[in-house]
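One structure is given here, and the rest of the page talks about it.
The values are calculated or read from the model by the stated rules, or taken from the named source; none is laboratory data. Since the structure is predicted, the reported quantities are computational estimates derived from the model, not experimental observations. Neighbour counts are summed over all protein chains in view; Cβ atoms, including those assigned to glycine, are modelled from backbone coordinates with ideal geometry. For the accessible areas, the whole protein counts, side chains as well, though only heavy atoms, and no ligand, DNA or RNA atoms are used. Shrake-Rupley method; radii C 1.70, N 1.55, O 1.52, S 1.80 Å.
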Amino acid sequence: MERAREMFASLTDWFGDGTGSVDTEDFQVPVSDGHRIRCRLYRPATSRGDSPTGVVMFFHGGGFVLGDLNTHDTMCRRLASASGTAVVSVQYRCSPESPHPGPIDDCEAATRHVARTSDRWNIDASRMVVTGDSAGGYLAMAVAIRLRDRLPTDGAAIRPRLLMLIYPVVSPACDTPSHIAFADGHGLTRATMAWFWSQYLGDVQWRADEVDLLHQPLVGLPPTHIITAGYDVLRDEGLELVDAMRRSGISVTHQSYDGMLHGFIHFAGLFDRSRDATDAVGRRIRETLSSNFGTHS
């Protein structure tokens with residue numbers, strides 16, 4: 001396990017470089033059982049000044065097992081620069097040491113902490129986007145569901161204006177046509193994804209309505225934008241989520257990058273289209289946070 005994490009962390013050339021002038025500050029968030037997790041705030045030069053900025057809560061990918069603040073540092077720098085918005089990256093405790101629902105608990109705690117202490121960061125928590133790539137996309141949607149369902153104990157309800165899911169993990173079934181078609185030879189394999197799920201779920205037999213996003217009640221979630229990659233085992237479950245959200249009346253848009261592999265936005269050192277995709281994500285965030293419309297359809 002540690003060897004896999006070290007190898008993933010060493011792929012710095014694949015992650016590419018950050019762009020623009022971005023200030024960073026690390027801080028800690030208290031979570032369950034007295035633990036504290038690390039977060040990193042990114043503030044682009046364009047957001048400096050007296051007016052509070054919106055905030056993007058970012059949960060990193062890596063199959064619930066790999067990744068940390070540093071593996072996704074350049075991706076968050078690019079995202080902050082492209083969006084002109086503060087980004088908070090969350091180093092949740094990974095599986096198998098922290099199985100389901102531990103990573104969701106950590107991400108929810110960090111989101112509520114940032115909202116509760118927003119004055120400290122000169123952040124306007126009413127202008128929030130929740131996002132993540134791959135497994136982080138799963139965590140982003142799980143957090144959005146909790147923010148919808150759980151009454152706050154320490155302040156006003158948090159209502160994100162946008163849920164941005166970047167080639168998200170959706171279902172532990174791993175049985176869609178894209179899982180079969182791209183099982184091997186296209187980066188993320190079907191077997192690896194199944195192994196990630198086994199690490200995340202642990203020894204407990206979880207019901208589908210507890211862990212599968214396609215089995216969750218979707219009504220009342222924020223407007224959502226979903227990105228998929230054409231040669232990705234996760235492509236079809238992402239498309240199924242788009243359809244399920246539309247049937248539930250959620251305002252959802254979808255962008256397919258047909259020639260891309262899983263992880264292409266993160267691996268900007270390998271894929272030329274990564275920068276264009278990041279710029280598109282940044283534009284969508286800017287447009288959403290500058291709008292005066294309500295947070296839900």
For the range 146-162, state whether one or more residues are open to solvent by less than 30 Å² (accessible area, probe 1.4 Å), within 18 Å of His72 (Cβ to Cβ) and out of contact with any Cys (no Cβ under 8 Å at 6 or more places or on another chain). no
How do the pairs read when you match residues in the range 168-188 that are touching a residue at least 40 places away in the same chain (Cβ under 8 Å) and of a type in the set (S, T, N, Q) with residues anywhere that are open to solvent by less than 50 Å² (accessible area, probe 1.4 Å) and part of a loop (DSSP other than H, G, I, E, B), using Cβ under 6 Å and keeping only pairs 6 or more apart or on different chains? Ser171/Asp212; Ser178/Val233
What pairs can you find where one residue is in the range 120-136 and in contact (Cβ under 8 Å) with a residue 60 or more places away in the chain, the other is open to solvent by 50 Å² or more (accessible area, probe 1.4 Å) and assigned to a strand (DSSP E or B), and their Cβ atoms are less than 9 Å apart, with a gap of 6+ or different chains? Trp121/Glu25
Residue under question is Cys76, and the condition is that it be within 15 Å of the chain's Cα centre (by Cα), in a helix (DSSP H, G or I) and under 20 Å from His262 (Cα atoms); does it hold? yes
Sort out for me the helices (runs of 4 or more DSSP H) sitting completely within the range 189-274 that have 3 or more residues that are among the hydroxyl-bearing types (Ser, Thr, Tyr). 190-201
Among the residues of the range 220-232, are any loosely packed, with under 13 Cβ neighbours inside 10 Å and closer than 27 Å to Asp124 by Cα? no
Conditions (1) within 20 Å of Ala115 (Cβ to Cβ); (2) under 14 Å from the mean Cα position of the chain (by Cα); number of the one not met by Gly63: (1)
How many residues are open to solvent by less than 70 Å² (accessible area, probe 1.4 Å), in a strand (DSSP E or B) and without any contact (Cβ under 8 Å) to a residue 40 or more places away in the chain if we restrict to the range 25-53? 1
Residue in the range 1-24 that is modelled with the highest pLDDT, counting only those that are of a type in the set (Val, Ile, Thr) and open to solvent by less than 70 Å² (accessible area, probe 1.4 Å): Thr24
Unmet requirement for Ser81, which otherwise passes all of (1) under 16 Å from the mean Cα position of the chain (by Cα); (2) open to solvent by 20 Å² or more (accessible area, probe 1.4 Å): (1)
Which condition does Val87 not pass, out of (1) of a type outside the set (Gly, Ala, Ser); (2) part of a helix (DSSP H, G or I); (3) in contact with a Leu (Cβ under 7 Å, 6 or more places away or on another chain); (4) crowded, with 22+ Cβ neighbours inside 10 Å, if it passes all the others? (2)
Subset of the range 175-190 (residues that are surrounded by 13 or more Cβ atoms within 10 Å (Cβ to Cβ) and within 23 Å of Phe267 (Cα to Cα)): Ser178, His179, Ala181, Phe182, Ala183, His186, Gly187, Leu188, Thr189, Arg190
For the range 54-73, the count of residues that are surrounded by 22 or more Cβ atoms within 10 Å (Cβ to Cβ) and either in a strand (DSSP E or B) or in contact with an Asp or Glu (Cβ under 9 Å, 6 or more places away or on another chain) (or both) equals 10
